[in-house]
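Trainee: Pasting a structure below so you can have a look.
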Amino acid sequence: METLLLDTSKFIELNFQAVGFLFIVGFIGGLVSGFIGSGGAFVLTPGMMSLGVPGTVAVASNMCHKFPKALVGAIKRFRYGQVDIKLGLITAASAGVGVQIGIMIQRAILDRWGQAGSDLYVSLSFVAVLVIVGGYIMMDAVKCARCGGEEKPSSLAQRLQKIEIWPMITFKTSGLRISLWFTIPVGLATGMLAATIAVGGFIGVPGMIYVVGASSLVASASELVVAFIMGMAGTVNWAMHGMVDIRLVLIILAGSLLGVQLGAIGTTYVREHMIKSVMATIMLIVAVSRAIAVPKYLVKLGIMDVSEGALSIMGSVSFAFMCLALGVGSVIILGAMWKGRRVEVPSRA
Amino acid sequence: MAQPTGGKKPVLKTIIYGVVSVALYAAAFTHANTLTELFSRGSFWAAGPILTVFVFSYAHGTFASNLWSCLGVVARPRAAKRPAARPQARATINA
């Protein structure tokens, strides 16, 4: 029997509810990741913190579960012919640089405006990106659904692909050829967002779709490659500082490895615009969640005056909306899979 | 759920990997505190959590994959796959 006592400032006592919560959230987060290429982190990290896990341990443990989950999802979707490894690797390279830029910006804001200012910056960036990008994807998904669900590269991507600036890269799986220079902003933005809100895919996947011109299937699948590389690099860093709680990681993995494969399978049941719909829905609900959390930081900075009680309620509502985002996403995915299974598959000649 | 034609359910594989997965989890959690403390020592102990998750992901991931197959949840073959629009052919030395 274990006689060793853990450092309680870093490692929480695990009870049955905590294990159950982490397993279920891990499963749903995995399901969403397997389908849209990202997500889960924004509920898992605050979820762990709501169990009493310190912020850095929560971030580190989430990252340590994210990269093997992304690997398993990427392998599964690679077998379905959806992963463009080259696209994933190239995006990951500039994303790595983007992470460093994002960290530098965060440090500068922390120095200038303190913790509350930094948290406000994070929340406002979150809301702005989610609303603008999520709103755009939603409009596009509705348009795609209306015109028979056939995806076409965006006009921006088509124009960028025609511009010949060395080096031009051919992406076979995506079926496109574009200058390396146009993939760099996508990667940089992914890294910067990952450093800020821990979910780079909310820019990475739309970036690959609308800037580079990959399909939703290929973009969401290739994002898993990016998530694997960045997740592993980040984990090495955190683990070297001793911040990973392996118990939490393994419990979350138990659920997410089941979920990610189900999500990956799900992509073969649905029309491509569904990936956009699910992504946009989740992003918009999370935007509401983060917007509700903004007053807390305004109060800390003395810009707004709200009672403690009201702030506490807002905090709970904000967390509830985050869980709702994942919940709604998974219901849409499972519903689409259920509907899709009843459609006859035409026999191949 | 749709099954690929002639697919046999990998029951034995599911059971084997399930047992391995349960054994790994049991081993990890009966020594949870020791493992957690060791892996949080930093520097080269960083390899601990990383190698652990690779091992668990292989065992549990394979179990999960086979479990879904046994439950009949498999990928649907895409009907008449549209060929991806290939970039225009052009004379190149390095693409």
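The values are calculated or read from the model by the stated rules, or taken from the named source; none is laboratory data. Computed from a predicted structure; not experimentally measured. No Cβ is skipped: glycine too gets one built from the backbone with ideal geometry, and neighbour counts run over all protein chains shown.
Trainee: Collect the residues in the stretch A:301-319 that are touching a residue at least 12 places away in the same chain (Cβ under 8 Å) and either closer than 29 Å to A:MET279 by Cα or in contact with a strand residue (DSSP E or B) (Cβ under 6 Å, 6 or more places away or on another chain) (or both), keeping them in residue-number order.
Mentor: Listed by number, the residues that qualify are A:LEU311, A:MET314, A:GLY315, A:VAL317, A:SER318, A:PHE319.
Trainee: A:THR56 - would you say it is over 19 Å from A:LEU326 (Cβ atoms), out of contact with any helix residue (DSSP H, G or I) (no Cβ under 9 Å at 6 or more places or on another chain) and β-branched (Val, Ile, Thr)? So that I can check it myself, show each step before the final result.
Mentor: Numbers: over 19 Å from A:LEU326 (Cβ atoms): yes; out of contact with any helix residue (DSSP H, G or I) (no Cβ under 9 Å at 6 or more places or on another chain): no; β-branched (Val, Ile, Thr): yes.
When the stated conditions are applied, A:THR56 does not pass them.
Trainee: Let me ask something else. Inspect all residues belonging to the stretch A:161-173 and state whether any of them is closer than 15 Å to A:ASP84 by Cα, touching a strand residue (DSSP E or B) at 6+ places or on another chain (Cβ under 9 Å), within 14 Å of chain B (Cβ to nearest Cβ) and part of a helix (DSSP H, G or I).
Mentor: First pass over the stretch A:161-173, keeping only residues closer than 15 Å to A:ASP84 by Cα: A:169-173.
Subset that is touching a strand residue (DSSP E or B) at 6+ places or on another chain (Cβ under 9 Å): A:169-171.
Checking which are within 14 Å of chain B (Cβ to nearest Cβ) leaves us with A:169-171.
Still in the running and part of a helix (DSSP H, G or I): none.
Checking the stretch A:161-173: not a single residue is closer than 15 Å to A:ASP84 by Cα, touching a strand residue (DSSP E or B) at 6+ places or on another chain (Cβ under 9 Å), within 14 Å of chain B (Cβ to nearest Cβ) and part of a helix (DSSP H, G or I).
Trainee: All but one of (1) modelled with pLDDT of 90 or more; (2) over 19 Å from the mean Cα position of the chain (by Cα) hold for A:LEU311, so report the exception by its number.
Mentor: (1)
Trainee: Also, quick follow-up: So which pairs qualify, if the first residue must be in the stretch A:129-144 and more than 14 Å from A:ILE36 (Cα to Cα), the second must be of a type in the set (A, V, I, L, M, F, W, C) and assigned to a helix (DSSP H, G or I), the Cβ gap must be under 6 Å, and the two must be at least 6 apart or on different chains?
Mentor: Between residues of the stretch A:129-144 that are more than 14 Å from A:ILE36 (Cα to Cα) and residues that are of a type in the set (A, V, I, L, M, F, W, C) and assigned to a helix (DSSP H, G or I), the close pairs are A:LEU130/A:MET283; A:LEU130/A:VAL286; A:LEU130/A:ALA287; A:VAL131/A:ALA287.
Trainee: Hey, another quick one. Of all residues in the stretch A:211-241, which are crowded, with 24+ Cβ neighbours inside 10 Å and within 9 Å of chain B (Cβ to nearest Cβ)?
Mentor: Within the stretch A:211-241, A:VAL218, A:THR235, A:ALA239 meet the criteria.
Trainee: Additional query: Go over the candidates A:SER38, A:SER118 one by one and state the one that is without any contact (Cβ under 8 Å) to a residue 60 or more places away in the chain and closer than 30 Å to A:PHE11 by Cβ. I'd like the intermediate steps shown before the answer.
Mentor: Details: A:SER38 fails: without any contact (Cβ under 8 Å) to a residue 60 or more places away in the chain.
Among A:SER38, A:SER118, only A:SER118 is without any contact (Cβ under 8 Å) to a residue 60 or more places away in the chain and closer than 30 Å to A:PHE11 by Cβ.
Trainee: What are the residue pairs meeting all of these: first residue in the stretch B:28-47, first residue facing chain A (nearest Cβ under 7 Å), second residue in a helix (DSSP H, G or I) and among the β-branched types (Val, Ile, Thr), Cβ atoms under 7 Å, and 6 or more apart or on different chains?
Mentor: Filtered contacts from the stretch B:28-47: B:LEU35/A:ILE246; B:THR36/A:ILE246; B:PHE39/A:ILE246; B:ALA46/A:VAL236.
Trainee: Still on this model: Among the residues of the stretch A:253-269, which ones are more than 9 Å from chain B (Cβ to nearest Cβ) and either surrounded by fewer than 23 Cβ atoms within 10 Å (Cβ to Cβ) or under 16 Å from the mean Cα position of the chain (by Cα) (or both)?
Mentor: Residues satisfying the conditions are A:SER256, A:GLY263.
Trainee: Go through (1) closer than 30 Å to A:VAL236 by Cα; (2) surrounded by fewer than 19 Cβ atoms within 10 Å (Cβ to Cβ) for A:GLY102 and report which single condition fails.
Mentor: (2)
Trainee: Are there helices (runs of 4 or more DSSP H) fully within the stretch B:1-77 with at least 2 residues that are at pLDDT 95 or above? List them.
Mentor: On the way: elements: B:11-30, B:32-39, B:47-70.
Correct list: B:11-30, B:47-70.
Trainee: Would you list the helices (runs of 4 or more DSSP H) that sit entirely within the stretch A:1-93 and hold 3 or more residues that are at pLDDT below 90?
Mentor: Values: elements: A:16-36, A:41-50, A:55-79.
Because the criterion is at least 3 residues that are at pLDDT below 90, the helices (runs of 4 or more DSSP H) in the stretch A:1-93 that meet it are A:41-50, A:55-79.
Trainee: Another question about this same structure. Of everything in the stretch B:22-45 that's within 22 Å of the chain's Cα centre (by Cα) and among the small types (Gly, Ala, Ser), which residue is nearest to A:TRP238 (Cα to Cα)?
Mentor: Taking the stretch B:22-45 as the starting set, the residues that turn out to be within 22 Å of the chain's Cα centre (by Cα) are B:22-29.
Still in the running and among the small types (Gly, Ala, Ser): B:23, B:26-28.
Numbers: B:ALA23: 28, B:ALA26: 26, B:ALA27: 24, B:ALA28: 21 Å.
Selected residue: B:ALA28.
Trainee: Here's a follow-up. In the stretch B:11-27, what count of residues is obtained for those that are within 17 Å of A:ILE251 (Cα to Cα) and away from chain A (no Cβ under 14 Å)?
Mentor: Looking only at that region, the number is 1.
Trainee: How many residues are at positive phi and either surrounded by fewer than 16 Cβ atoms within 10 Å (Cβ to Cβ) or within 13 Å of chain B (Cβ to nearest Cβ) (or both) when one looks only at the stretch A:2-60?
Mentor: 1
Trainee: OK, next. Go through A:LEU257, A:LEU224, A:LEU284 for me and flag whichever is touching a His at 6+ places or on another chain (Cβ under 8 Å), among the aliphatic types (A, V, I, L, M) and in contact (Cβ under 8 Å) with a residue 12 or more places away in the chain.
Mentor: Criteria check complete, one pass: A:LEU257.
Trainee: Just give me the residues in the stretch B:53-68 being touching a residue at least 24 places away in the same chain (Cβ under 8 Å) and at the interface with another protein chain (Cβ under 7 Å from one of its Cβ atoms), in sequence order. Talk me through it step by step, then tell me what you get.
Mentor: Filtering the stretch B:53-68 down to residues touching a residue at least 24 places away in the same chain (Cβ under 8 Å) leaves B:55-56, B:59-60, B:62-63, B:66-67.
Answer for the stretch B:53-68, where residues must be touching a residue at least 24 places away in the same chain (Cβ under 8 Å) and at the interface with another protein chain (Cβ under 7 Å from one of its Cβ atoms): B:PHE56, B:HIS60.
Trainee: How many of the residues in the stretch A:271-293 are surrounded by fewer than 23 Cβ atoms within 10 Å (Cβ to Cβ) and either hydroxyl-bearing (Ser, Thr, Tyr) or within 14 Å of chain B (Cβ to nearest Cβ) (or both)?
Mentor: Looking only at that region, the number is 3.
Trainee: Could you tell me which numbered condition A:CYS147 fails, if it satisfies all but one of (1) closer than 22 Å to A:THR281 by Cβ; (2) touching a residue at least 24 places away in the same chain (Cβ under 8 Å)?
Mentor: If we test A:CYS147 against (1) closer than 22 Å to A:THR281 by Cβ; (2) touching a residue at least 24 places away in the same chain (Cβ under 8 Å), just (2) comes out false.
Trainee: Restrict the check to the stretch A:195-204 and report whether at least one residue is in a helix (DSSP H, G or I) and out of contact with any Ser or Thr (no Cβ under 9 Å at 6 or more places or on another chain).
Mentor: Step one: list which residues in the stretch A:195-204 are in a helix (DSSP H, G or I), which gives A:195-197, A:201-204.
If we keep only those that are out of contact with any Ser or Thr (no Cβ under 9 Å at 6 or more places or on another chain) too, we end up with A:195.
Checked against the condition, which is being in a helix (DSSP H, G or I) and out of contact with any Ser or Thr (no Cβ under 9 Å at 6 or more places or on another chain), the stretch A:195-204 yields at least one hit.
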